[in-house]
Every structure is written in structure tokens, then in C-alpha cells.
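Remarks on the structure that follows.
We did not get these values from a lab; they are worked out from the coordinates using the rules stated. Predicted model only: the values in this text are computed from it and were never measured. Cβ placement follows ideal geometry from the backbone for every residue including glycine, while neighbour counts extend to all protein chains displayed.
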Amino acid sequence: MDKIIKIEPIPKYFSITWMLGSFCNYDCMYCPPELHDTTSRPHDLDTMKTVWQNIYQKTNNQNLPYKISFSGGEVTANKNFLPLIEWIRNNYNDVTMIVITTNGSASTGYYLKLAEYVEAISFSTHSEFMDEDKFFITAKELNKVMVRPTKSFHVNIMDEFWNREGIERYKKILEENNISYSVNEVEYKYQTRTYPLERIY
């Protein structure tokens with residue numbers, strides 16, 4: 001058994017999971033309709049600011065720092081997402097942790113800019129749609145700047161039944177570059193198709 005070196009209390013947060021909307025630029029066969037669509041309009045910046053102000057006004061009497069976890073849909077598909085993050089960070093000092101879950105499809109430059117404002121970014125692999133080369137180039141660059149313990153970067157490998165060889169390749173790349181990852185079980189009972197889209201290489 002490993003030796004216990006140090007025990008520290010987990011800081012208390014007012015934790016919020018904020019689903020910005022269901023729009024996604026991907027259409028993965030196992031993603032349920034309530035978590036994604038390809039037709040809804042992303043929210044505008046003023047609307048999202050108002051939502052946050054309402055949440056804040058009703059909860060800041062707790063006198064706790066905030067942890068906001070953003071998900072979708074695909075958060076980066078909304079052009080107003082990065083401006084929202086910048087605005088929150090510039091106006092709310094008690095928001096001390098921002099966590100982003102994304103499919104990794106935005107540009108490397110976009111994610112590097114986002115990394116200046118947030119504490120944690122998680123990419124998820126979706127082999128039906130992802131550009132593998134770009135995905136892992138971006139992952140490597142983010143891992144250089146999201147350095148623990150103050151920041152973290154992680155890759156969720158989706159355990160897609162048709163992509164066994166790809167999953168082993170992903171693991172090898174991540175291990176070689178010392179990038180944190182996990183292999184995540186996929187729930188197929190909500191799937192919108194019975195087959196993955198054919199990849200053309």
C-alpha cells in the first residue's frame with residue numbers, strides 16, 4: 001500500500017453545472033437528443049450574462065467561492081462563449097474555478113486563449129467526427145499550459161465499440177505525452193442511430 005504523505009481538506013464551493021444549450025457541431029450516434037441537436041440557435045451574450053447575474057444574485061449570500069462547470073451541446077460552437085468566460089473572470093472575483101467540457105473541435109488558438117481564463121479543460125473523443133491529427137496537436141499544446149496543481153487538462157476517451165484500434169492508438173499518444181486520460185463507458189440506450197458514420201481517411 002502507498003504511503004500517505006499529506007491530507008488536505010477539499011475546498012467548499014458553490015458548484016454549478018451550466019448547460020449552455022443543446023446545439024452541437026457533431027451528431028454522435030449515442031448522444032441523446034436532449035443533450036444535442038444541430039439546429040437550435042446558440043444563446044447571445046447578453047442573455048447568458050443575464051442568466052449568470054440572476055444565478056449570482058440568488059446565491060452569493062452563501063459566501064462561498066463559485067465553481068462553474070460548462071457543458072452542452074458543444075460550448076465552443078457558440079461564438080459568445082469565450083467572451084462570456086472573459087466577462088465572468090473580469091467581473092466576478094469569487095468565481096475561482098471554471099471547468100470546460102468540449103469535443104476539442106475548436107482551433108488550437110481558441111483553446112489556448114480559453115486556457116488563460118479557466119482552471120480545467122476536458123476533451124472528449126468522438127471518432128465519427130473528430131479530426132484526430134488536429135485533436136491531438138491541440139491536446140499536446142494545452143497540456144503544456146494547463147499545468148497541475150493550478151490548472152488541469154484531461155482527455156475522455158469514449159469507449160466506442162467500433163473504434164477499438166483507435167482507442168489503443170489514442171491511449172498510446174496520450175501516455176507518450178504524459179496527458180491525463182480515462183476510458184469512459186458509452187451508454188447506447190439513447191442512441192439516435194444503430195450504426196456509426198463511416199469514416200473516410
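Summary table
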{"item": "Partners for residue 140 among lysines (Cα-Cα distance below 25 Å; same-chain residues under 8 apart left out)", "result": "79, 113, 151, 171, 172"}
{"item": "Reachable aspartates and glutamates, given that their alpha-carbon falls under 16 Å from the alpha-carbon of residue 189 and they are not under 8 places away in the same chain", "result": "27, 34, 159, 160"}
{"item": "Dipole-positive endmost among 163, 135, 153 within the chain (Cβ charges, Cα centre)", "result": "153"}
{"item": "Built amide H within the under 5 Å cut-off of residue 23, gap 5+", "result": "37, 74"}
{"item": "Between the range 174-199 and the range 32-76, the alpha-carbon center distance in angstrom", "result": "25"}
{"item": "Candidate values [x] 51, 51, 33; [y] 65, 62, 37; [z] 50, 37, 29, label of the one derived for Cα extents along the principal axes in Å", "result": "[x]"}
{"item": "Candidates 104, 166, 73, ranked by Gaussian network fluctuation over the chain, Cα under 10 Å, top entry", "result": "166"}
